[in-house]
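Take a look at the structure set out below.
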């Protein structure tokens, strides 16, 4: 489109990393950060710069391995239950005491009977019984730790036992993060429309620190190539890696690639990774430079994929690895051939299986990473995965914790958020994880064994009955329980003061009202359809019927932003945004589950919570909720 | 034995933890550390004290999701390859720009052809294409993070995007470590015989810091109950957990249990965990107290098993979990019924299987924890495991790294240490892990698929030939390769100046010479047997023939300590301890492996190393080695 836009290519991740390393080497970037000698206590977390050979043995003397008496083994020959031997020549020893000169074995105190000054022994002992030989743990001159080893508490303790007082380790690499962009504002300010808070620098610096690096963030730099270049060059003076945030693509104000090319070497511009595609890898003044995209998920993953291995190499250590698990994929997952696709997934243990449910895939949806239990990488060569396929997932949360997670898939309601929060406060091991796919999607997920609970409020237009007809249709009559969560008010969420004077559903068809709808399969959409059809109205008459949001809060947000004039949703969502609310219906919201799982320990904390008056009070205080039937099993 | 010794019981770990928690609650220990408000940037690693609800939406406005032009979707109706539409009303936008008023979709710049001031579009676009809706990532008022969540970089970034400037988190728990013992000396001092360096405090404080705690170590306290009590009481004033190190058993100088009982509440004395048995759990002045055993492995594991969950609970967070794997057990493992047995294992991927080889099990062998890739817990109810059984192992090292580990089991030689160190320095991802079980044990391990390489120097007394006859016998003729590592001198390691005037093997039988032998199956022992039999000498004539050590260095250490007068071993071991050496034989030391694995990428770095002149020079500089045939395949 613009003649001066550099082309963003699709270099495979491994090739990009290789090209970056080569460019760094070619331009004189040091292969390792310097070695420094530090006291053992400060060496934890650092990487050994040279092997650690033992200077002393440990134990440094033959020591008693038990509390008891030191004896000469030869003196105990013949001792037995029926023929005890009375020893007068022995020494009382405690565990760890040096074995006194002249003795060569220890008898445990439990096996010694004191008779005046003598000791009676009822079993012969072999020489060196319960003696810890000199060097049993560490022999002087042996290799204790290789170079390139990240030191843990046990390592430094062993090194100290082997005579080390200081260790030669790699100093912490220094990462300087340079935020760029005219629209970027520091955290703590109140951004005007169109402005964005600098959350990426906060995150990237924290990611660097998590890897054991020192990290510094420069002031925000405007979209001015000269200033970016100057800041970059200053940063290289103190940094082992400079991360330029945003401007890595090929938009009008994207200068990173050009600045890096001008100031040093541009090795890669664009990688075959999604999210993350417009990545810049290069070197300036013998310092590696990473240009990270501004989308937060891209920025986070780019750091993981490219910066983390480079920083590990600078320390001479193996990169940290995430543990993995296999999981059953909850639904079909399409992926671009030619791009590694880093898909964030929620994990839950349902019926013995670990189930992976993909989260929203947009590069801008940071909460997809916040909520993720794992990362599923669909490699460039694959078109995706089928539903039910066993896939390999990198874990972001422990499998034990995942096993104690109640997976709720279905309709969204704030009460589930409140419950999740209350459960976790009671017991940090209990997680209630909700995925919002609408009521219908929840019932299907329950049928397919993808969740423990389906939150549902689906109105059957034929019977006017909620949820149960769908339960029969989708799940059959067997092994299904339905527990009432709440009754709640649904209504039209409108701007404060209701400027368009909307009084009910019929106003949506009058023209001049921009509606924002929920997605197909959402109970709230079914409610709208029902209310429209009751009034003989056609969805085509509703302006914005095809505009879909996935939660009540997103609908309210759209109204609050003035992008829509009305949307159907719950009172709590309207209140959260300070909006007005025109009631339409009071409806039950139920939890559907397998009856056979009702008594599972996993769910017990939830049932206890629903019975708790304080919880019910908290829910009703949200407004628009009634807990009169909360916790009642209605089927 | 002593009347005043308290009894050390065997409380199962879970019951002990429960009893400790109850005692803490009953004596007024706070269930959680205080909540504090900290800036988001300082909140990483801390645990949320309350849920984080979004205060603003992100994005806070409808934004362009792509670089391109903002259009009205309605204007593009009918556009197609053959019927392009020329738009005059549009706005150029970059990714992240607010969608300009009046437009409702974005066309990617790659799909736009500029024609003068106009833009040609060749496909119709639906409304809201490439538009990021307000709240797409975060909707104001939604639950972003629950209480009890340990904050990661993505979490604080999302919280900041949602309007948080500060977060309410639990402050870091404070752990005070109190080292006790008359024989304990600070690190950095030169301990006299019988004295022990205070490596436990170093380790325990580092373990606490690794969990995100603040940790402080008091000066070393003598074995005086009054002083211990005073130090303990002072420590409780500032600590959320006090760890008293050593003195937790029932020896003469073990005061921990009595002091805790006197100053507060003693909940548990002795747990059914090995190593770790003599553990003290209690509370003093509303502060939990852990009495950790002095054996370093016991101390480390005790902290893991008891302190870590308590500290996580104080933060209101789920305890950290180690990932696990299943592995094939290399050999039979017996275990005490009634005790959870925490067995340290080495792991290697051999022929597709993860193989777990138990390491030495003594509570004093800290290197068993240093060298461990995993922990295998044999629960109290089990007598152990059979060889070849699939067992569950908690991982201490990533499976990826484990997969790049060359597992060498067999005879010990320093050249393997030197090689391990050199390989790791070249590439931090390559590990050469040796287990010393003697030459014969190595060949058996190779046969059983437990290792990649068996280091061997087994002399066949019948033929005078090394290794090959045993290879035939144990491994058969098929699929075996033998690569020469080195020739090395074996000789008698004797005290400096050779005070007993030992000139050869025959002197071992002359009386007055205390010998230290190697274990059965060790090539060096076979060499001794061969040399004795050549001279018509009987092993019974050798004083100390039955005293076994497992490595050359341990033999040298025994001689250096004056516990033995002579032992057969390599020159390098004698040199390491500044000892004299009486040559006996020059022998080949070979690496035996499956021929089919010779070309595996895993082993390539080793073959490259053996061919490197600098490596050969380094080995020969150790003394007593010849590299003339290093790397040559002799079968």
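With a/c under 1.5 counting as rounded, go ahead and sort the range B:264-383 into rounded, prolate or oblate using the C-alpha gyration tensor (a ≥ b ≥ c being the square roots of the eigenvalues; past the cut-off, prolate if a/b is larger than b/c, else oblate). Mind showing how you got there, number by number?
Details: a/c = 2.34, a/b = 1.76, b/c = 1.33.
In terms of gyration-tensor shape, prolate.
Above 29 Å, the calculated P(r) of the range B:438-626 contains 26 percent of its Cα-Cα pairs. Per-residue shielding of B:157-169, expressed as the average number of other chain Cβ atoms within 10 Å of the residue Cβ, stands at 5. Across peptide B:87-97, the mean count of Cβ atoms from other chains lying within 10 Å of each residue's own Cβ comes to 4. For the range A:517-635, the spread of Cα coordinates along the three principal axes comes to 48, 30, 23 Å, biggest extent given first.
In chain A, helical runs assigned H by DSSP with n ≥ 4 each contribute -39500 (n - 2.57); averaged across all residues and rounded to the nearest 500, the mean residue ellipticity at 222 nm is -7000 deg cm²/dmol. Sorted from closest to farthest, the other copies place their residue B:634 label points 8.3 nm away, with each point set 7 Å from Cα along Cα→Cβ. Of all beta-carbon atoms in chain B, the one sitting closest to the axis that brings chain B onto chain A gives B:323, 2, with the distance in whole angstrom.
Tell me, how many Å apart are the Cα centres for the range B:558-579 and for the range B:472-506? Spelled out, the Cα-based centre of one part sits 15 Å from the other. Packing order of peptides B:147-160, B:413-426, highest average first: B:147-160, B:413-426 (average count of other Cβ atoms within 10 Å over each peptide's residues).
Give me the Kirkwood hydrodynamic radius of the range A:145-262 in Å, from all C-alpha pairs, to one decimal place?
Averaging 1/r across every pair of different Cα atoms and inverting gives 16.5 Å.
In terms of Cα atoms, the Rg and Dmax of the range B:338-399 work out to 11.6, 35 Å.
Rounded to the nearest 10 degrees, what's the angle between the helix B:523-534 long axis and the longest principal axis of chain B, both from Cα atoms, 0 to 90? Roughly 10 degrees, rounded to the nearest 10.
Across every direction, the projection of the convex hull enclosing the Cα atoms of chain B has a mean area of 40.5 nm². For chain A, the longest principal axis of the alpha carbon atoms and the long axis of helix A:414-426 meet at an angle near 20°.
Each DSSP beta bridge with both residues in the range A:323-396 is either parallel or antiparallel, and the antiparallel ones are about 90%. State, as an integer percentage, the relative contact order of the range B:438-626 based on alpha-carbon contacts under 8 Å between residues 6 or more apart. Here the relative contact order equals 33 percent.
Peptides A:549-559, B:519-529, B:84-94 ordered by packing proxy, namely the average of other Cβ atoms within 10 Å per residue, highest first: A:549-559, B:519-529, B:84-94.
Considering only DSSP beta bridges whose two residues both sit in the protein assembly as shown, what percent are antiparallel, to the nearest 5? Roughly 70 percent of the beta bridges in the protein assembly as shown run antiparallel, per DSSP.
When Rg and the Kirkwood Rh are both derived from Cα coordinates, the Rg/Rh ratio for the range B:401-543 amounts to 1.04.
Restricting to bridges with both residues inside chain B, how much of the DSSP beta-bridge set is antiparallel, in percent to the nearest 5? Roughly 70 percent of the beta bridges in chain B run antiparallel, per DSSP.
Roughly how crowded by other chains is peptide B:79-86, in terms of the mean Cβ count from those chains within 10 Å of each of its Cβ atoms?
Counting Cβ atoms of other protein chains within 10 Å of each residue's Cβ and averaging gives 0.
Against the main long axis of the alpha-carbon atoms of chain B, helix B:438-447 sits at an angle near 50°. Rg and Dmax over the alpha-carbon atoms of the range B:5-83 stand at 29.8, 97 Å. Residues of the range A:211-232 with an amide N closer than 20 Å to a point placed 7 Å from the Cα of residue A:261 along the Cα-to-Cβ direction: A:223-232.
Building the convex hull from the alpha-carbon atoms of the range A:63-132 and averaging its projection over directions returns 3.9 nm². Label point of residue B:599 (7 Å along Cα→beta-carbon): distances to the other copies' equivalent points are 6.2 nm, sorted ascending.
For the protein assembly as shown, the equivalent ellipsoid derived from the Cα gyration tensor has semi-axes of 64, 37, 27 Å, listed largest first.
Projecting 7 Å from Cα along the Cα-to-Cβ direction, the label point of residue A:539 sits 8.8 nm from its equivalents in the other copies, listed shortest first. Please state, as a whole number in µm²/s, the translational diffusion coefficient that the Stokes-Einstein equation yields for the range A:413-480 at 4 °C and 1.567 mPa s, with Rh defined as the Kirkwood radius across alpha carbon pairs. Value of D from the Cα-based Kirkwood radius: 98 µm²/s.
Please tell me the relative contact order of chain A in percent, rounded to the nearest whole number, where contacts are Cα pairs under 8 Å and at least six residues apart. Computed over chain A, the figure is 11 percent.
Coordinate-derived values only; no laboratory data. Note that the structure is predicted; figures quoted are calculated from it, not measured. Here Cβ is always computed from backbone atoms with ideal geometry, including for glycine, and neighbour counts include all displayed protein chains.
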